[in-house]
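Worksheet: one structure, shown below.
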Amino acid sequence: MTRRKLTVRFIKSFIKRLWLFVCDQYLILFFVLTIGAKLYYLNTFLLKMTWPANQYINGIIFGFLSLAVIFSPLYFARKNKNWYVIIVASIISALLLVDTIYYSYFEALPTVGLISSFNQVDDVGPAIVGLLRWWFVFYVADILLAIIFKKRIEHFFKKQKDKFANVKLGFRTSCLAFVITIVAFLLGFLPLGFDKLTELVESGHDTISSSQYYGVIMAHAIDLTRFIKESSVSISPDQEKTVIDWAKKHRPTNTEGPLTGLAKGKNVIMVQVESLGSFVIGQTIDGKEITPNLNSLSKTSRYFPNQRFVMGAGHTSDIDFVANSSYFPLTDSATFVRFGRDDFTGLPKIMADNGYSAFAYHGFNRNFWNRDTALKSLGYQKFYAADNYPKGEKINLGLNDGDFLSSTVDYIKEQPKPSLSYVITLTSHVPFDTSEKTENSVVDAKDYPYLVGGYLENINYVDRALGEFFAKLKTDKLYDDSLIIVYGDHTPVLPAFTAGTIKYDPDSVQEKEVPLFIKLPNEKAGQSYPSQGTHLDIMPTVLDLLGIKTTQLMFGKSLFVENSKQYQTCPDQFSVFTGLGDCETALAAEKNIAQQVIRYNLFNKLQK
């Protein structure tokens, strides 16, 4: 037989075996393609990060390779094989759907560290429903098609295999396909290198950053690996000493500024306003102010319009932690949920040591984000949650802010003085539902796109509730006798829109800025500060104004003490670093120290 005939024979045999392999593994190949398309969408269109183009390509390639590896053990299955494939495909598609919904609100991917928060899904059900979109059906369309046409397709491919009954694939072919899949996956690491993978596992990179290198599925695998690794190791004596030595070197200098001690011995009322972005302050619709009471407050207080919020995997609960501790939160798990029993150091404990009582207030489930436990760890004597408030109309997640803030004043009035009161509002929480209470003459939600109108109507209502809150504080002679801090926890997740004088662009710095108002006792005339700070600065600023000295480690600075630390706005325009040196390197060092203190509960050891 000639060489040419042998070659033709080999090619024909190869094509037959390849077709038989397709007939045997058709459902796996189908789902690798369809789920790979979902991964392509996630990496390319949803995760809005600015990376070199080749990193997007890497993430997409790894998406398909990861799927091939996950499905490859099913090459060997025979009985009920297609049902196993459908189950695996359903699990992966469900994960990607959760990723999409989660990202659409938090602009982050969920992590393993948040599993202990899953019991809170019932509490945020309305918010989740509000984030659902009709096109999410495409996440399950391939699953439904595979189930509906399962028997018909199986019959077709069985007939195809019967045509080549004399050609046997056997176990060796499945082994070969499995080996090729694994080798292709491993070769995919060569352009980036295994060292980059090790760095991602060892470092505090979030899942979005990881997904750009290795795809969404690998990002979750990296997160799981890191979680298992961190859960099974303890800090070494040398590492602990390094953290303690660093903390001693970076303790506050207690430098005094022009306002140091100006609020000495006064009550402190901190109001954290849900989803309050700076872009609504001072704006009008048809000549009417959207936030008239906060606009007025900006003129009679120290006003910082461009504060940056610091948030990790715990989202709003991270703002609780940051504002009360001046520590960076964790990026891969919710600090309150996973480490809520830590011996946190922070504002309430320092103030308690200086004769203050400390109480927290929130019109929602006390166990949400593990707040009941974590706020006690921070030093609050009691946490007033939904079960402590009179029944009233719920708007979005919890008790409407009008009833909540009114009752909160009654509680504050009764607390031993001087007191620290930490107040967390809720009405302006996604999904921004409206009611008769939120209706007003400034905004009609129906005039604007979904979410936008609801947010504007809600934030106007919250502003009115805050106006009534301030008025009641004045009636009870608490307003002028208190240091009052009001700030947004984070910006809302909204599309670009125009409303009156607002021109909101979520891809601009507007998406990063929240307002901070600091009303000093008896202050009548205010001042606006263009300087940028973060929520890390709230605790040191309060202590400075109260004239309370501390050697407790804080990663922020007083906003009123010049040159105690130097501000830098990092290139991403999101992080504000209060120190010297390269922004990225210095921030990474600070976050690493904060992470180790939290993970290994070193708070008390830093005080020795």
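In the stretch 304-349, which residues are assigned to a strand (DSSP E or B), modelled with pLDDT of 90 or more and surrounded by 24 or more Cβ atoms within 10 Å (Cβ to Cβ)? Explain how you work it out, then say what you get.
Of all residues in the stretch 304-349, those assigned to a strand (DSSP E or B) come to 304-308.
After this cut, where a residue has to be modelled with pLDDT of 90 or more as well, the list is 304-305.
F304 - this is the single residue of the stretch 304-349 that is assigned to a strand (DSSP E or B), modelled with pLDDT of 90 or more and surrounded by 24 or more Cβ atoms within 10 Å (Cβ to Cβ).
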Point to revise | Hits in the stretch 404-450 (condition: among the hydroxyl-bearing types (S, T, Y) and either open to solvent by less than 40 Å² (accessible area, probe 1.4 Å) or outside any loop (DSSP other than H, G, I, E, B) (or both)) | key: S406, S407, T408, Y411, S419, S421, Y422, T425, T427, S428, S435, T438
Exercise for review: Of the conditions (1) in contact with a Ser or Thr (Cβ under 9 Å, 6 or more places away or on another chain); (2) over 30 Å from L602 (Cα atoms), E439 clears all except one; give me its number.
Suggested key: (1)
Exercise for review: Assess whether T475 counts as being among the polar types (S, T, N, Q), closer than 22 Å to A360 by Cα and touching an Asp or Glu at 6+ places or on another chain (Cβ under 8 Å).
Suggested key: no
Review point. Quick check: anything in the stretch 530-552 open to solvent by less than 50 Å² (accessible area, probe 1.4 Å), among the charged types (D, E, K, R), touching a Pro at 6+ places or on another chain (Cβ under 9 Å) and at pLDDT below 95?
Key: no
Review point. Can you pull out the residues in the stretch 466-484 that are small (G, A, S) and surrounded by fewer than 23 Cβ atoms within 10 Å (Cβ to Cβ)?
Key: G467, A471
Review point. Only one of (1) open to solvent by 30 Å² or more (accessible area, probe 1.4 Å); (2) within 27 Å of D403 (Cβ to Cβ) fails for Q510. Which number is that?
Key: (2)
Review point. Out of (1) modelled with pLDDT of 95 or more; (2) open to solvent by 10 Å² or more (accessible area, probe 1.4 Å), the odd one out for S301 is which?
Key: (2)
**Study point:** In the stretch 451-493, the residues that are in a loop (DSSP other than H, G, I, E, B), touching a Phe, Trp or Tyr at 6+ places or on another chain (Cβ under 8 Å) and under 21 Å from I424 (Cβ atoms)
**Key:** Y479, D489, H490, T491, P492, V493
Exercise for review: Tell me which of these T501 doesn't satisfy, since it passes every other one: (1) at pLDDT 95 or above; (2) under 21 Å from G402 (Cα atoms).
Suggested key: (2)
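For residues that are in contact with a helix residue (DSSP H, G or I) (Cβ under 6 Å, 6 or more places away or on another chain) and either at pLDDT below 95 or over 15 Å from V271 (Cα atoms) (or both), tally how many sit in the stretch 515-529.
1
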**Study point:** Residue satisfying condition, being open to solvent by 70 Å² or more (accessible area, probe 1.4 Å) and at pLDDT 80 or above, within set F171, F138
**Key:** F138
Exercise for review: Taking V85 as meeting all but one of (1) modelled with pLDDT of 85 or more; (2) surrounded by 13 or more Cβ atoms within 10 Å (Cβ to Cβ); (3) more than 22 Å from W19 (Cα to Cα), write down the number of the exception.
Suggested key: (3)
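Which count do you get for residues in the stretch 420-440 that are aliphatic (A, V, I, L, M) and at pLDDT below 90? Steps first, please.
Residues of the stretch 420-440 that are aliphatic (A, V, I, L, M), as a first pass: 420, 423-424, 426, 430.
So of that shortlist, the ones also at pLDDT below 90 come out as 430.
Final tally of qualifying residues: 1.
The values are calculated or read from the model by the stated rules, or taken from the named source; none is laboratory data. Values in this document were obtained by computation on a predicted structure and should not be read as measured data. Every residue, glycine as well, gets a Cβ built from its backbone with ideal geometry; the counts of neighbours run over all protein chains shown. We work out accessible area using only protein heavy atoms, side chains counted, and drop any ligands, DNA or RNA first. Shrake-Rupley method; radii C 1.70, N 1.55, O 1.52, S 1.80 Å.
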